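Peer 1: Quick one: structure below, then a few questions.
The values are calculated or read from the model by the stated rules, or taken from the named source; none is laboratory data. What you see is a predicted model; the values in this text were computed from it and never measured. Virtual Cβ from ideal backbone geometry, glycine too; neighbours counted across all protein chains shown. Only protein heavy atoms, including side chains, enter the accessible area calculation; ligands, DNA and RNA are left aside. Shrake-Rupley method; radii C 1.70, N 1.55, O 1.52, S 1.80 Å.
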Amino acid sequence: MIHQTIQQLKIRRAKQILQQEFGFLNIESIVHADDESGKVLFTAFRQSGIWHYDNQPIVSFAFDNHKQYHSQHNTARRFFIQKIKALHGNAVWILLNQHGFEFFVQISLSTLCQHLDGWFDKYDDFVLFIPNQYVLAIHDGEYAWEVLEKILTP
């Protein structure tokens, strides 16, 4: 019981930090897998198949040393940004990590696009998710940075 309460307090604090750190995104909602609405969203994300081995990357950026690892990561990030900016729609969910907890954060696509060019100067990679429609992610493969995409059918 006490462990569960401590865990809930840690999650609540991580949400507060997310809200402060990413307030410029005009966050509409933040959900964790333990939240009632979060359970549904995280289940839909897990069932999307984005990480499934048969979901081949739409593009790979190979590396074979430390210097290439970083430069190819930046190349993958630029491609990732282009894919997001080409999307149409209103709200999207992005998967962010805060203090070891994963959260889906709902924001408007247009607001996200306004902040993408400098995103990776300050923040880590994220996954973009539009339930029942689309998932986009950057993946650190064995010898390549990969951009994964999954078009979902409801």
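Peer 1: Using only Cα atoms, find the angle between the long axis of helix 2-21 and the longest principal axis of the chain, and express it within 0 to 90 degrees, rounded to the nearest 10.
Peer 2: 60 degrees
Peer 1: Could you give the nm distance between label points at residue 54 and residue 123, where each point is 7 Å from its Cα heading toward the beta carbon?
Peer 2: Once both label points are built, they end up 3.4 nm from each other.
Peer 1: In the stretch 1-118, what percent of the accessible surface is made up of carbon and sulfur (1.4 Å probe, ligands and nucleic acids excluded)?
Peer 2: Values: 3720 of 7250 Å².
It is 51 percent, rounded to a whole number.
Peer 1: Select from 43, 24, 84 the residue farthest towards the positive end of the dipole of the chain; place +1 on Cβ of Lys and Arg, -1 on Cβ of Asp and Glu, and compute about the Cα centre.
Peer 2: So the residue furthest toward the plus end is 24.
Peer 1: Where in the chain lies the longest segment free of GluC sites (Glu not before Pro) that are both loop residues by DSSP (not H, G, I, E, B) and have at most 16 other Cβ atoms within 10 Å?
Peer 2: The longest uninterrupted stretch comes out as 29-141.
Peer 1: Suppose R0 equals 25 Å; then what is the FRET efficiency for residue 111 and residue 132 from their Cβ-Cβ distance, rounded to the nearest 0.05?
Peer 2: Efficiency computed from Cβ-Cβ geometry: 0.70.
Peer 1: A further question follows. Over 22 Å between C-alpha atoms is what I'm after, so list which of 122/150; 15/122; 85/122; 67/122; 10/39 land there.
Peer 2: 122/150, as the Cα separations exceed 22 Å there.
Peer 1: Next question. What's the extension gain from residue 43 to residue 67 if we count 0.36 nm per residue and subtract their Cα-Cα distance?
Peer 2: That pair, residue 43 and residue 67, stretches by 5.0 nm at full extension.
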